[in-house]
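The values are calculated or read from the model by the stated rules, or taken from the named source; none is laboratory data. All values reported here derive from a predicted model rather than from experimental measurement. Virtual Cβ from ideal backbone geometry, glycine too; neighbours counted across all protein chains shown.
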Amino acid sequence: MRQKVYVTGSRPDIRVPFQEVRLGGDEPPVRLYDTSGPTVDPDVGLPKLRRDWIDERGPGDRVTQLHYARRGVITPEMEFAALREGLDPELVRGEIAAGRAILPANVNHPESEPMVIGRRFLVKINANIGTSAVADSITDEVEKLTWATRWGADTVMDLSTGKHIHRTREHILRNSAVPIGTVPLYQALEKVDGDPVKLTWEVYRETIIEQAEQGVDYMTVHAGVLLRYVPLAADRVTGIVSRGGSIMAAWCLAHHEENFLYTRFRELCEIFARYDIAFSLGDGLRPGSTADANDAAQFAELDTLGELTRIAWEYDVQVMVEGPGHVPMHLIKENVDRQQEVCAQAPFYTLGPLTTDIAPAYDHITSAIGAAMIGAFGTAMLCYVTPKEHLGLPNRDDVKEGVIAYKIAAHAADLAKGHPTAREWDDALSKARFEFRWEDQFNLSLDPERARSYHDETLPAEPAKTAHFCSMCGPKFCSMRISHELKEYAANGMRDKAREFADGGNRVYLPVVD
Ligand SMILES: C[C@H]1O[C@@H](n2cnc3c(N)ncnc32)[C@H](O)[C@@H]1O
Ligand SMILES: Cc1ncc(COP(=O)(O)O)c(N)n1
Ligand code: SF4
Ligand SMILES: [Zn+2]
């Protein structure tokens, strides 16, 4: 059974949720990092976990976690995030202060359960949801939110572009125990009837304040798409594939002016600091195909993102940096190394990357391969890709497929990086598997329901739950059963050897099988 348990911190309202798996036999229970949050009841709403923490600090021009971290303060949010990972709160504070980690936590999102994004911590995953002009249901999106977090999304981005963007986001935020990210440019574009040329700084500014008041925790800002970089993407196989990037490029060319997100960046920082919104510096020039990976346009923009990272830090605003996209395996490492170098170790947040372009309908797999690699190289958060990528808006089932694929990638990276708590989970599952504790194996797995149902497809009867085989090899060929017998031989062999020794070495050695 999986059960929710809480670990308490230095004050009574720091209660950190875990999923505890009780195991059979003499095995101690295993605690899993829990992202699922409290059960959502739309009539009651979520508990406002952070309410008192925010109120105690009061309003101000710089109410950011980075601001407190730099002054040596461990906030309740930092302690909460540390307890979730089984790490020292001082490590969380130090990494935030150094800009190597962020804790996205808008003062207007008290429902959020804090977590920390940075290379020293568990690799996090983000799930994208949101309406489009073609599919515009608020209830569907709230369901995707709860479904995504049910399977382990650490943050969710609302990328809505439909008719009711404000209302959709309100429902998402009030029902979300994970930080919510947005791309405010999408709503700004709706406000000017979808014509990029009509965009203005004023419309954009009004939009970010609207979203800041609602409680958006981090915002993608495509401030690195400079006028002079746009021609660099002209000869690409797939041009500019970022929505925000293409919008800003269109604006720059039409006005022949520098990107207003870049020229007004300091004003943005002042606003973000008042709410503690984190920047997710958008990669508007990311490659959208294998052919375009690591090209001049992509790396020119990255240099600008490095410059903007340092400016945000002047204002105590937290920053992460977005990365690609479509990148074949041999070009992945350079992406992390360059980003870490150029952006002074600010956390990296990548979309995949997709390691090949040939598998539409399976891009959760093409991209989970790249995500696992880039995570192991030090990327802090992985943005999922669903099987619907390039084909249409993901539904609830696609959201689950994407989240599970990315939980696998993130955990595989945690193991490779040696996060202190990652290994325990694998060991517990492997032991259960080797000891034919089938129920424990199911309950410890990322998707217990599917594991159980796949097993039961061929062997549904109750005795099969303790059987020393499954239908893959059958009883006679079960290598793990044979391994147990080998162990017995070895143990008996040792006993016999001991007896042989006591007998003066005159016995012929024969293993005893009972
Ligand atoms: C940047 C990435 O965001 C994803 N994306 C954009 N809009 C949505 C949406 N409404 N729902 C889910 N994913 C979306 C696409 O997968 C794109 O590749
Ligand atoms: C990791 C990640 N997630 C979302 C976006 C926003 O999308 P777009 O750049 O297409 O507007 C992005 N740039 N990077
Ligand atoms: S996902 Fe579809 S709508 Fe979006 S850029 Fe690709 S083809 Fe265009
Ligand atoms: Zn793509």
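Which residues, taken from the range 347-389, are in contact with a Leu (Cβ under 7 Å, 6 or more places away or on another chain) and part of a loop (DSSP other than H, G, I, E, B)? Step through it out loud before you land on a result.
So the first thing to find is which residues in the range 347-389 are in contact with a Leu (Cβ under 7 Å, 6 or more places away or on another chain), and the list is 350, 360-361, 363, 366-367, 370-371, 375, 383, 385.
The answer is 360, 361, 385.
Given the structure, is residue 391 out of contact with any helix residue (DSSP H, G or I) (no Cβ under 8 Å at 6 or more places or on another chain) and either in the same structural domain as residue 126 (by the TED database) or in contact (Cβ under 8 Å) with a residue 40 or more places away in the chain (or both)?
On the way: out of contact with any helix residue (DSSP H, G or I) (no Cβ under 8 Å at 6 or more places or on another chain): yes; either in the same structural domain as residue 126 (by the TED database) or in contact (Cβ under 8 Å) with a residue 40 or more places away in the chain (or both): yes.
The answer is yes for residue 391.
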Of residues in the range 344-361 being within 14 Å of ligand 1 (Cβ to nearest atom) and surrounded by fewer than 24 Cβ atoms within 10 Å (Cβ to Cβ), the one farthest from residue 328 (Cα to Cα): 361
Let me confirm something: among 442, 434, which residue is crowded, with 19+ Cβ neighbours inside 10 Å and not assigned by the TED database to the domain that holds residue 293? 442
Have a look at 138, 172 and point out the one that is buried (at least 24 other Cβ atoms within 10 Å of the Cβ) and touching a residue at least 24 places away in the same chain (Cβ under 8 Å). 172
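Listed residues 220, 200; which is crowded, with 22+ Cβ neighbours inside 10 Å and polar (S, T, N, Q)?
Values: 200 fails: crowded, with 22+ Cβ neighbours inside 10 Å.
Testing whether each residue is crowded, with 22+ Cβ neighbours inside 10 Å and polar (S, T, N, Q) leaves just 220.
Would a scan of the range 396-411 turn up a residue that is out of contact with any helix residue (DSSP H, G or I) (no Cβ under 7 Å at 6 or more places or on another chain) and either at pLDDT below 95 or surrounded by 24 or more Cβ atoms within 10 Å (Cβ to Cβ) (or both)?
At the first step, the residues of the range 396-411 found to be out of contact with any helix residue (DSSP H, G or I) (no Cβ under 7 Å at 6 or more places or on another chain) are 397-398, 404, 407.
From the residues that got through so far, the ones that are either at pLDDT below 95 or surrounded by 24 or more Cβ atoms within 10 Å (Cβ to Cβ) (or both) too are none.
No, there is no match, as no residue in the range 396-411 is out of contact with any helix residue (DSSP H, G or I) (no Cβ under 7 Å at 6 or more places or on another chain) and either at pLDDT below 95 or surrounded by 24 or more Cβ atoms within 10 Å (Cβ to Cβ) (or both).
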For the range 337-370, enumerate the residues that are within 15 Å of ligand 2 (Cβ to nearest atom) and more than 26 Å from residue 399 (Cα to Cα). 339, 343, 346
Identify, by number, the condition in (1) away from ligand 3 (no atom under 16 Å from the Cβ); (2) surrounded by fewer than 19 Cβ atoms within 10 Å (Cβ to Cβ) that residue 92 doesn't meet. (2)
Within the range 226-341, considering only helices (runs of 4 or more DSSP H) that don't extend past its boundaries, which have at least 1 residues that are within 16 Å of ligand 4 (Cβ to nearest atom) and of a type outside the set (Val, Ile, Thr)? 243-255, 296-314
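Results for (1) touching a Ser or Thr at 6+ places or on another chain (Cβ under 7 Å); (2) farther than 24 Å from residue 367 by Cα; (3) not small (Gly, Ala, Ser), shown as yes or no for each residue.
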site	(1), (2), (3)
93	no, yes, yes
99	no, yes, no
122	no, no, yes
132	yes, no, no
135	no, yes, no
142	no, yes, yes
146	no, no, yes
158	yes, no, yes
163	no, yes, yes
May I ask you to list the residues in the range 364-382 that are surrounded by 24 or more Cβ atoms within 10 Å (Cβ to Cβ) and within 16 Å of ligand 3 (Cβ to nearest atom)? 364, 367
Could you check the range 117-131 and list, in sequence order, the residues that are among the polar types (S, T, N, Q) and within 11 Å of ligand 2 (Cβ to nearest atom)? 126, 128
Evaluation of residue 239 against (1) surrounded by fewer than 22 Cβ atoms within 10 Å (Cβ to Cβ); (2) under 25 Å from the mean Cα position of the chain (by Cα); (3) not charged (D, E, K, R) (one fails), failing number: (2)
